[in-house]
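Q: Sharing a structure with you now.
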Amino acid sequence: MHTLPDLLGNNLSILSVGLNPSIPSVKAGFYFANPRNRFWKALNACGIFIERLEPSLKSCEYLHTKYRIGFTDLIKRPTAGCKDLNATDYKEGTGRLQQIVTKIKPNTIWFHGKLTCQKYVQYSENKNLTTQWGEQTWKIAGAPVIVTPNPSPANAAYSLQVITDSYRDLFKHLPNLSPC
């Protein structure tokens, strides 16, 4: 299966966890590559980074090396949409993500979308938790968990401004996020 490689490492400030790679992202070779995805626009608009980040592998690698932001997905199988995912995908993806988190111990875990977070909890702990926007009241492997709206174009219910504001709030929880 052709998919996006994880961008991981020890001492990550934050681990960004998407639901699964989009087909445009896999074709382009970097996270959030769909031109209609609002990740890069919201990240630039939130005012946290001095640099303007263009949608590219270079920008992903820059965030990874300069700010210790890691990138992965709950499920690595690319699909056109979340309706194409099944219970086996969630079960396998959750096990894989648990191994990653246990191994690299990120300081914070950032889920893109409530569905991503809820499915992780459902398949890892066999619980159905109500997920809120922002920081959760529980942790994963000792790391705070923060949930922001998924920037995917399929999640049009949330405006660019709402996503931008949620990123601003996210980075307020990361006082140690500074260039390496």
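Q: HIS2 versus LEU53, label points 7 Å from Cα toward the beta carbon: distance in nm?
A: 2.6
Q: Now for a different question. Using DSSP, restrict attention to beta bridges with both residues in the range 14-172 and report what percent are antiparallel, rounded to the nearest 5.
A: 25
Q: Compare LEU115, LEU129, LEU43 in a GNM of the chain, Cα atoms joined below 10 Å, and give the one with the largest fluctuation.
A: In this elastic network of the chain, the residue with the biggest mean-square fluctuation among LEU115, LEU129, LEU43 is LEU129.
Q: I would also like to ask the following. Once amide H atoms are built 1.01 Å from N in the peptide plane, which residues 5 or more positions from GLU135, or in another chain, come under 5 Å H to H?
A: The answer is VAL147.
Q: Another one. If each of GLN132 and ALA87 carries a label point 7 Å out from its Cα toward its Cβ, how far apart are those two points in nm?
A: Calculated label separation equals 3.1 nm.
Q: Working out 0.36 nm times the residue gap between ARG96 and LYS27, then minus their Cα-Cα distance, what length gain in nm do you get to one decimal?
A: That pair, ARG96 and LYS27, stretches by 22.6 nm at full extension.
Q: Which is the longest part of the chain that has none of the trypsin sites (Lys or Arg not before Pro) sitting in a DSSP loop with at most 13 other Cβ atoms within 10 Å?
A: Longest stretch, sites excluded: 53-126.
Q: Further question on the same structure: Please say if the range 104-154 is rounded, prolate or oblate, where rounded means a/c under 1.5 for a ≥ b ≥ c the square roots of the C-alpha gyration tensor eigenvalues, and otherwise the choice is prolate for a/b larger than b/c and oblate otherwise?
A: Since a/c reaches 1.5 but b/c is at least a/b, the shape of the range 104-154 is classed as oblate.
Q: Right, another one. Once the other residues with Cβ under 10 Å from the Cβ of PRO151 are scored (Lys, Arg +1; Asp, Glu -1), what is the net sum?
A: Its environment carries a net charge of +3.
Q: In a Gaussian network model over the chain where Cα atoms closer than 10 Å are linked, find which of THR72, THR164, THR130 has the largest mean-square fluctuation.
A: THR130
Q: Would you mind checking the pairs LYS105/LYS139; LYS66/LYS114; LYS41/LYS105 and listing those with alpha carbons more than 18 angstrom apart?
A: From the list (LYS105/LYS139; LYS66/LYS114; LYS41/LYS105), the Cα-Cα distance tops 18 Å for LYS66/LYS114; LYS41/LYS105.
Q: Starting at the first residue of the range 143-151, write each ³J(HN,Hα) from the Karplus equation 6.51 cos²θ - 1.76 cosθ + 1.60 with θ = phi - 60°, in whole Hz, x for Gly and Pro.
A: Whole-Hz 3J(HN,Hα) from phi for the range 143-151: 9, x, 10, 10, 10, 10, x, 5, x.
Q: While we're looking at this one, here's another question. Around ASN37, with a cut-off of 14 angstrom between Cβ atoms, what is the net charge of the other residues, counting Lys and Arg +1 and Asp and Glu -1?
A: Taking every other residue near ASN37 into account, the sum is +2.
Quick note: the coordinates plus some simple rules give every number you see, no bench work behind them. The model shown is predicted, which means the values in this text are computed figures rather than measured ones. For neighbour counting, all protein chains shown are included, and Cβ atoms are generated from backbone atoms with ideal geometry for every residue, glycine included.
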